[in-house]
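Step one of this worksheet: look at the structure below.
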Amino acid sequence: MHIVMRYGRKGLSLNLPDRLQAEVIRKKRMPVLKDPVEAVRSAFLHPAGSKPLKEVVRERESVCILICDNTRPVPHAIVLPALIEELINAGTRPDSITILVATGLHRPNEGEELRELIGSDRVLQAVKAVNHFARSDEDHVLLGHTPRGMPVRLDRRFLSAEVRIAVGLVEPHFMAGYSGGRKLIVPGIAHEDTIRVLHSAGMLDHENVANCMIDGNPLHEEKLCAALMAGESFALNTVIDEDRNLSFVNFGEIEKSHLDAIAFARPYFEISVPRKYKTIITSAAGYPLDRNYYQTVKGMVGAAGILARGGDLFIVSECSEGLGTPEYAESQRRLIDLGAERFLEETSQKQYADIDEWESVMQAKAMKNGNMHLYSEGLTAEEQALTGVNPVRSINEAVEESVRRHNDARVAVIPEGPYVIPVYRPEN
């Protein structure tokens, strides 16, 4: 069987022997919008839980638009020109519109990278685009604390705008349930302190902090609470298919529109699987998500739910930019030195997580299910050692060895990694 895994920009071809019983797990086939730009314009006219966009901006002068950073394949090139056009046609001056890249604690996107992210020279020439810096104290305003005690410190450029719009991609997220909506605000434009409390191990240990879980998910609830504390905000939500065509778009009040987008996405992204597997091949969803190992952990977590105890999970991820931040490298070093159990015990005592430690926490949780293996061409030997998983030179050979060891020819293959979530639901 020939399968192309999402890997970097070009993909990775696998040729699995016919004697293996490879079962490919993909999203269900999604509809594709015939005229994406017109669909975006229609969304502004028929919003979810709010007035049409032209009425929202009437007699308001400033607009702040939040966009995801370069780790998400948001179709900015389609939606941003339509959004800017709608705002200007409604009377908003271009010099009063700010695009704010919701980086969270990630590095800024500047120069050619910013141009690629926004995807439209016309937009870049018309309005200003800036980055959020979570560690800049003076850029943030403390709004108070959530009932769980999380400090809500947000970027003042967003708070000072009279109209606030979050542009995001709705897809499964291994902590927040689904991305998009409120996630652009927290952690997107939150201060370091807010992000570190939100991602503390005590919070992540909750059973509902998981892919596709919204109800009873404390991370989702904290994000939403913080977003509502910021005041009236709106969202432009997108959903894309496996080929990254626009499948759904809506606009409206940030909570209502986001939930409507999730309701559309669920039947396609959440795939019932009646059994667990001793051998799984998955990916980190290719470019831009698999630029580094930090983001790769999402693919491990997404597939771990159908991994049989003691089984082997193989993930392919290019990691063209290496491991991740220095803070993440240090967290991985502690995970390796302490072992998963002691690492989780140590981190559970902290109110403020160390920066990027949360990704190591999620990896440690996934490793409880079985053995993790990585195929990557972008890591140095030192970086590979800090992954804490087994390096693989040949996926085909490693998979065949796993099949022999477990005496089980059934192999689950998830080409799109964390963008499709197999949900174990045994048949009666």
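Residues that are buried (at least 20 other Cβ atoms within 10 Å of the Cβ) and not assigned by TED's automatic domain parsing to the domain that holds residue 394: which helices (runs of 4 or more DSSP H) entirely in the range 231-344 hold 3 or more of them?
254-269
Report, by residue number, each residue of the range 128-144 that is over 25 Å from the mean Cα position of the chain (by Cα), free of Cβ contacts under 8 Å to residues at least 60 places away in the same chain and within 20 Å of residue 199 (Cβ to Cβ).
Matches in the range 128-144: 137, 142.
Is one or more of the residues making up the range 400-416 in contact with a Pro (Cβ under 8 Å, 6 or more places away or on another chain) and either of a type in the set (Lys, Arg) or part of a strand (DSSP E or B) (or both)?
There is at least one residue in the range 400-416 that is in contact with a Pro (Cβ under 8 Å, 6 or more places away or on another chain) and either of a type in the set (Lys, Arg) or part of a strand (DSSP E or B) (or both).
From 176, 201, 190, 226, grab the single residue that is touching a Leu at 6+ places or on another chain (Cβ under 8 Å), modelled with pLDDT under 95 and either surrounded by 24 or more Cβ atoms within 10 Å (Cβ to Cβ) or small (Gly, Ala, Ser) (or both).
On inspection, the qualifying residue turns out to be 201.
Please verify whether the range 213-224 includes one or more residues that are under 25 Å from residue 287 (Cβ atoms) and touching a His at 6+ places or on another chain (Cβ under 6 Å).
Looking for residues that are under 25 Å from residue 287 (Cβ atoms) and touching a His at 6+ places or on another chain (Cβ under 6 Å), one finds none in the range 213-224, hence no.
As an exercise: evaluate residue 154 against (1) closer than 12 Å to residue 229 by Cβ; (2) surrounded by 24 or more Cβ atoms within 10 Å (Cβ to Cβ); (3) more than 21 Å from the chain's Cα centre (by Cα) and give the number of the one condition it does not meet.
(3)
May I ask you to say which residue of 252, 216 is of a type outside the set (Val, Ile, Thr) and touching a residue at least 60 places away in the same chain (Cβ under 8 Å)?
252
Taking the range 175-221 as the search range and keeping residues that are part of a loop (DSSP other than H, G, I, E, B) and β-branched (Val, Ile, Thr), which one is nearest to residue 360 (Cα to Cα)?
This residue is 209.
In the range 383-393, is there at least one residue being aliphatic (A, V, I, L, M), more than 22 Å from residue 273 (Cβ to Cβ) and in a loop (DSSP other than H, G, I, E, B)?
Yes - at least one qualifying residue is present in the range 383-393.
Looking for whichever is under 14 Å from residue 166 (Cα atoms) and either surrounded by fewer than 17 Cβ atoms within 10 Å (Cβ to Cβ) or outside the structural domain of residue 376 (by TED's automatic domain parsing) (or both) here; the options are 53, 45. Which one fits?
The conditions single out 53.
The values are calculated or read from the model by the stated rules, or taken from the named source; none is laboratory data. In this text the structure is predicted, and so the values were computed from the model without any measurement. Using ideal geometry, Cβ is built from the backbone for each residue, glycine included, and neighbour counts are taken over all protein chains shown.
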